[in-house]
Amino acid sequence: MRKNILILAVIAVAAYLVGVESAKARGKNYEDLRHQFERLWTNPEAKKSRKRMAKNAKKSLEKALEKARKNFLGS
């Protein structure tokens, strides 16, 4: 699991750096990208979506833990 998270983090950083270099080549700087990210982060629809995803992830984790407890105690 840690390996997957590490790979995802490396890909995200690489994508960010490629995006910054691409923006600089077009004459824009990283501040434009930062402002776009801030607008996306503060967008009400994006906030709702993040909350919904977090709620679903929490439910999935609880179900997985309960299943693991049943399997462990049942054996």
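Brief remarks follow.
- For the chain, the ratio of Cα radius of gyration to the globular rule of thumb 2.2 N^0.38 Å stands at 1.69.
- Stretched out straight at 0.36 nm per residue, the stretch from residue 46 to residue 33 would grow longer than its current Cα-Cα span by 3.0 nm.
- Spatial offset of the stretch 57-75 relative to the stretch 8-23 amounts to 36 Å, using the alpha carbon center of each.
All of the numbers you see were taken from the coordinates with simple rules; none came from a lab. Quick caveat: nothing in here was measured; it's all calculated off a predicted structure.
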